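Working notes, structure below.
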Amino acid sequence: MRRLPLLALALAACGRSAPAASTARGDGATAVTAAAPAPTDSVPAQAAERTFSAVLAGFDFRVPASWGRRYSASERADPADFPGARHAVEFAYLPDQGGVPPVLLTVLVYDRARWAGAKRVGDVVLEAGDRVFVAVRPEGNPLPAGSPDAARLDAIRLTVDEARGRLSVH
């Protein structure tokens, strides 16, 4: 039974950036806990970037460290709000005040033939094979002017060129 604490320690340490803490129990076993770092308003310059893999849409997106844990991502096939697009991947900002998260960036994927006949929204950021990838940046800021959330949203939105450099096809 002494292998169980070692297995728990190994599993707890996998993929964690915070060190695991262990506590001896009275029965001779060791309880292992690992804490993920708490979200913060500011992200240290050395913070690691993460990669979001859009499985349906067929691309990877290097998430900026400045987004920290203040975003969510969703994928949709054949999105009705973007006629002709095969897929839409939306990255949304998670504000402190709650409510509907405003969109940071939308990446659309079109078949080349559909893109040729589609209403133009956004900017082409990548072309690969028969697919065209388009970045759509929302206009304006729907959060209350002067609020910390509004300032944070403005600070972390990407330009089209920044989005272009973060996309790769898989």
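Within the shell of other residues whose beta carbon sits under 14 angstrom from the beta carbon of residue 54, the net charge comes to +3, with Lys and Arg scored +1 and Asp and Glu -1.
Summarising the label geometry, the points placed 7 Å from Cα in the beta-carbon direction at residue 103 and residue 75 lie 1.8 nm from one another. A simple spin-label model places pseudo-atoms 7 Å from Cα toward Cβ; at residue 128 and residue 145 they are separated by 4.2 nm. Backbone N atoms of region 69-83 closer than 20 Å to the 7 Å Cα→Cβ label point of residue 56 belong to residues 71-83. When all protein chains stay in place and ligands, DNA and RNA are ignored, the 1.4 Å accessible-area order of 91, 82, largest first, is 82, 91. Model label points for residue 164 and residue 116, set 7 angstrom from Cα along the Cα-to-Cβ axis, are 2.3 nm apart.
Solvent-free Debye calculation, one equal scatterer per alpha-carbon of region 85-164: log10 I(q)/I(0) at 0.13, 0.14, 0.17 Å⁻¹ equals -0.46, -0.52, -0.69.
The values are calculated or read from the model by the stated rules, or taken from the named source; none is laboratory data. Quantities reported herein were computed from a predicted structural model and do not represent experimental measurements. Neighbour counts run over all protein chains shown; Cβ positions are idealised from the backbone, glycine included. Each accessible area value is taken on the protein alone, full model and side chains, heavy atoms only, with ligands, DNA and RNA left out. Shrake-Rupley method; radii C 1.70, N 1.55, O 1.52, S 1.80 Å.
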